[in-house]
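Read the structure below first, then the notes.
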């Protein structure tokens with residue numbers, strides 16, 4: 001009888017611990033989902049102070065129990081992501097932020113070689129830094145390409161991988177397999193994969209679909225396919241109404257059938 005009671009007490013304790021841990025994990029996952037959405041919004045609206053605030057929250061989480069209930073890699077990933085978004089918002093003044101993102105994702109992927117999203121973000125940061133540091137084009141291109149190759153070895157159907165690969169191909173010389181056609185092919189697949197998983201709103205990381213539609217629209221515009229360009233940009237805005245770059249810069253140019261090549265350096 002006593003042994004049965006002892007067993008039931010132990011079982012009850014174990015169940016309590018399991019339920020508590022699951023609840024903490026769920027709460028922490030919700031917190032990271034909220035972080036991701038806030039970061040996307042801050043970036044889309046160019047609200048750099050909010051990007052800094054989100055980074056501070058992420059760094060503070062490392063010092064308390066919250067980070068223990070979530071994937072530590074994702075927290076570190078989102079810290080690096082804040083630097084990526086900072087770099088894009090600040091333009092030429094954001095070069096050091098992009099360099100920090102590269103350094104942090106290099107460290108992240110060294111410690112976790114199977115963390116696919118780390119490689120993809122690394123490639124994105126290196127690619128974004130090239131126009132700001134043209135004298136480092138060979139070194140940065142190598143960083144970006146190596147990261148894309150490593151992530152492709154781990155998966156072939158990640159929509160963010162295909163998105164960043166497409167952007168790289170758009171700016172790559174034809175002799176290296178670059179150009180509008182191969183970039184558009186990658187984007188088409190990326191968008192299909194994004195759309196197929198769109199209902200899973202809480203799957204981290206959460207970003208990329210509106211950017212895929214944006215770059216699809218850009219390539220259509222560069223190809224003088226103006227109606228298709230406008231449609232793609234409208235899709236981008238429907239996914240992310242906060243996307244000021246599309247709403248206030250790209251769309252007006254596409255409607256007027258103005259070339260996007262000068263602003264892209266193509």
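Residues are listed down the side, and each one gets a yes or a no for (1) over 17 Å from the mean Cα position of the chain (by Cα); (2) at pLDDT 90 or above; (3) in a helix (DSSP H, G or I); (4) surrounded by fewer than 10 Cβ atoms within 10 Å (Cβ to Cβ):
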position	(1), (2), (3), (4)
3	yes, no, yes, yes
19	yes, no, yes, no
27	yes, no, yes, no
30	yes, no, yes, no
41	no, yes, yes, no
59	yes, yes, yes, no
Got at least one residue in segment 138-153 being more than 13 Å from the chain's Cα centre (by Cα), outside any helix (DSSP H, G or I) and closer than 24 Å to residue 187 by Cα? no
With criteria (1) touching a residue at least 40 places away in the same chain (Cβ under 8 Å); (2) buried (at least 22 other Cβ atoms within 10 Å of the Cβ), residue 89 comes up short on (2)
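Show me the helices (runs of 4 or more DSSP H) found entirely inside segment 162-266 where at least 2 residues are surrounded by fewer than 15 Cβ atoms within 10 Å (Cβ to Cβ).
Here the list reads 180-196, 226-239, 251-255, 261-264.
The values are calculated or read from the model by the stated rules, or taken from the named source; none is laboratory data. The structure presented is a predicted model; accordingly, all values stated were derived computationally and were not measured. Neighbour counts run over all protein chains shown; Cβ positions are idealised from the backbone, glycine included.
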